Amino acid sequence: MPELRGLEAKGVLPEDVAIRLLEFAALVALALDVYGNREAAIGWLTSAHPLFRGMSPLQAAESERGLDYVRTTLGSLKYGGAV
């Protein structure tokens with residue numbers, strides 16, 4: 001996340017950055033829950049996929065709309081819904 005550069009010296013993250021970090025952590029946790037292990041979850045999150053127009057789920061999740069779609073996709077994978 002480019003917006004994090006230089007913030008470590010200040011000691012406090014801006015609210016919008018903190019929220020994005022929490023969303024990212026929740027997305028990784030959901031992927032871990034779906035895939036059962038770190039390697040598989042990170043592999044899925046970082047690999048290009050046609051569902052995300054050739055982007056990785058993490059790239060797609062950079063926008064709010066994309067984040068919602070990635071969450072929905074993971075939920076469908078977890079509960080057996082159509083993807």
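Since every read-out is calculated from the coordinates, none of them should be taken as a lab result. Please read these numbers as outputs of a predicted model, since none were measured by experiment. Cβ placement follows ideal geometry from the backbone for every residue including glycine, while neighbour counts extend to all protein chains displayed.
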task = Under 1.5 on a/c is rounded, so check that first for region 19-81, then, if it is not, pick prolate when a/b is larger than b/c and oblate when it is not; a ≥ b ≥ c are the square roots of the alpha carbon gyration tensor eigenvalues.
result = rounded
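Counting only other residues whose beta carbon sits under 14 Å from that of LEU51, what net charge do I get with K and R as +1, D and E as -1?
Values: positive: ARG53, ARG65, ARG71; negative: ASP68.
It works out to a net charge of +2.
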Computed helical MRE - 222 nm, the chain, DSSP H runs ≥ 4 contributing -39500 (n - 2.57), nearest 500 = -19000 deg cm²/dmol
query = Roughly how many debye, to the nearest 20, is the charge dipole of the chain about its Cα centre, given +1 on each Lys and Arg Cβ, -1 on each Asp and Glu Cβ, and no other charges?
reply = 200
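Around ALA41, under 15 Å between beta carbons, what's the net of Lys plus Arg minus Asp minus Glu among the other residues?
Values: positive: ARG38, ARG71, LYS78; negative: ASP33, GLU39.
It works out to a net charge of +1.
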